[in-house]
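This report concerns only the one structure given below.
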Amino acid sequence: MRRVYDKNRDEFTDAMTTILTMETACGPQQVRIFSARGCYLMAMLAKTERAKKFRQWALDVLDGTAPAVNTLTLAERRVRVMELNAANRTMDHIVKTGGRRAAMENLKAVYAKAGLNLDLSSAQFQGDLL
């Protein structure tokens, strides 16, 4: 994504993309987020299989044959990143104070508050965490 963005930077407006600091397990990281319009432009410029599927969907939208999509504004995406940062900090605190098992027990509830519904049924996923 970075190469596609850097190569076509002049086509993106400030309303399409911004850089935010996101809390990760490795500490704060700078991440670029895109508005719906910015995502659409990225998909139009990319040469991946996923981008190819997007272009087909976009043609369906233009033809009026595609289902509606929930799109977030850049401001709404900033709020989502802040919510996810808070959830990540909460999980870090739980791991430090209660260990990995406590984190696993609270994982679904913590991220549900940030609007994420996690599927924790995978045995491999549970084994990786514990």
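What follows is calculated from the coordinates using simple rules that are stated; it is not laboratory data. What you see is a predicted model; the values in this text were computed from it and never measured. A quick note on method: Cβ atoms are made from the backbone with ideal geometry, for glycine too, and the neighbour counts reach across all protein chains shown.
Just one of (1) more than 26 Å from Arg3 (Cβ to Cβ); (2) not in a helix (DSSP H, G or I) fails for Tyr111. It is (2). Against the list (1) surrounded by 12 or more Cβ atoms within 10 Å (Cβ to Cβ); (2) assigned to a helix (DSSP H, G or I), the condition Ala15 fails is (2). Scanning region 63-113 for residues that are of a type in the set (A, V, I, L, M, F, W, C), surrounded by 12 or more Cβ atoms within 10 Å (Cβ to Cβ) and more than 14 Å from the chain's Cα centre (by Cα) turns up Ala66, Ala86, Met91, Ile94, Val95, Ala102, Ala103, Met104, Leu107, Val110, Ala112. When Leu59 is tested against the conditions (1) in a helix (DSSP H, G or I); (2) touching a strand residue (DSSP E or B) at 6+ places or on another chain (Cβ under 6 Å), the lone failure is (2). Kindly check whether there is at least one residue in region 84-95 that is in contact (Cβ under 8 Å) with a residue 40 or more places away in the chain, part of a helix (DSSP H, G or I) and under 20 Å from Met1 (Cβ atoms). Yes, that holds for at least one residue.
Evaluated against (1) under 30 Å from His93 (Cα atoms); (2) acidic (Asp, Glu); (3) without any contact (Cβ under 8 Å) to a residue 60 or more places away in the chain, Glu49 falls short on exactly one condition, (1).
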